[in-house]
1. Between Rg and the Kirkwood Rh of region 186-231, both from Cα atoms, what is the Rg to Rh ratio?
2. Between R297 and D243, what is 0.36 nm times their sequence separation minus the Cα-Cα distance? Round to one decimal in nm.
3. Compute for region 18-218: radius of gyration divided by Kirkwood radius, i.e. Rg/Rh, restricted to C-alpha atoms, rounded to two decimals.
4. Counting only Cα, what are the radius of gyration and maximum Cα-Cα distance Dmax of region 223-313, in Å?
5. What is the extension gain from A35 to F77, computed as 0.36 nm multiplied by their sequence separation minus the C-alpha to C-alpha distance, in nm to one decimal?
6. Label 7 Å along Cα→Cβ of V207; region 61-89 residues with amide nitrogen under 17 Å?
7. Residues in region 202-232, backbone N under 12 Å from the label point at M267 (7 Å along the Cα-to-beta-carbon vector): list them, ranges by number please.
8. Between E226 and F135, what is the FRET efficiency for a Förster distance of 51 Å, r being their Cβ-Cβ separation, to the nearest 0.05?
Amino acid sequence: MAFSPSRPTKPRLPTGSGTARAAFWIGLYLCAVVAPLGVLLSSTTPAGGGFVWEAGIGFGFAGLAMMAVQFLLTARFRRAAAPFGIDLIYYFHRFLAYGIVLVVLLHPVLLAWENPAVLASCNLREASWSMLSGFGSALLLLAMVLVSAGRKLIRLPYEAWRISHLALAIGAVGLGFAHMAGIAHASASPIVRTLWTGIGCSLATVVLWVRFLRPLLLLRRPWRVESVRREPGSAWTMTLAPDGHPGISFQPGQFAWVTLRHSPFAMREHPFSIASAPGADGRLAFTIKELGDFTRRLGEIGEGERAYVDGPYGAFSCDRHPDAAGYAFIAGGIGVSPMAGMLRALAERGDKRPLLLVSANAALDRMPLREEMAVLVGTLDLRFVPVLENPPEGWQGESGYVTEEVLARHLPPAEERRDWHCFLCGPLPMTRSVEISLRRLGIPPDRIHVELFDMA
């Protein structure tokens, strides 16, 4: 399964044991963003500047700090992402970019409002190198956000978008630092210079880790393609085996970034849900739908080809909620992939709890993993409910969409279902509608878990 940049519902913070860890990382993020403002308040600003002027300078400091922290959000630090799930981190990263654009643009607008003479420095023919750096930083930031928002509209390939996104981000932040360094009042104070030097060194370390050290570690832990099997609904199940190492330890339902036919340095990895259960042999299975240029070529992958796996990631796992009285898995199309991993794990453990799998598809012959899920009915206390948009003649099961009425017919009675945990994965309209229905049916919000469908 590949993931989507938009989240179906309003994000929620972790509850229970993860709350303290989540609060710690949120606090650390706020400190990183606010620290430059604190330093600014303790330093000397140009004489004659009023509140609006100082606010304009503050927005400039905050905007640059927020741009820098964006690199940390996508560095895939597992300890920081664990309380939230990395899909929520990427969601936050994506939508925070729009806020950063606003903050950065408020910087020159407020300065010009307070002192119209600032507009004179906007003459590109006469502007200083520091002002040109500021213009360039803002333009690259705008370009990065616009290209990301319209990537699918302009049909920019995923791999090309990743490379351009990184280049634009580094350029925007680099020019932002150059702009700040060229402004006398922004770099005169030793504490200000120390702060920005520290932020710059931290950024360089993150880029070094993400683009060199981590790929180097992945290069030393290769995998090989064991099989590629066609599935209904234009999907493939690819099985990877560790090559000379024990594999990775993961929770069922998590995902990993997979690189095929390229080295880990090539920035050609793609995120897919792990459809297999954790096993002693270390093998990983990914059930992937043909959705883009890369996934449409999966059938060309041959046995024995080399692959690289960066993972596991994600908080979408029944193992994070072991106290559940039962689990409901509600999938749309290829969203059944992480559900399959969790169901297989529960079957291998001999779990006796009641389970429900609702799998929505356009047609019966387009339902990935249908036969395997039907087999699990005999192994688990599992109710398997296919929901078909275009059912065949004589179909006696559920048809149409996953509505509140469909869920009410198959979930346990109201007094029992409150102790269940529900996992949703599928297209945006479906997951949004199903979550609303589950809340109406009495499922507490903290027991509804939604996986994003496409991260980029």
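1. For region 186-231, the value is 1.44.
2. 17.1 nm
3. Value, to two decimals: 0.98.
4. Rg, Dmax (Cα atoms, Å): 12.1, 34.
5. On the way: separation 42, 0.36 × 42 = 15.12 nm, distance 2.16 nm.
Stretched fully, the A35-F77 segment lengthens by 13.0 nm.
6. Counting backbone N atoms under 17 Å from the label point, the list is 64-76.
7. 211-212
8. Rounded to the nearest 0.05, the efficiency is 0.45.
Read-outs: derived from the displayed coordinates by stated rules, not from any lab. In this text, all values refer to a predicted model and were calculated from it rather than measured experimentally. FYI the Cβ positions are ideal-geometry reconstructions off the backbone, even for glycines, and counts take in every protein chain you see.
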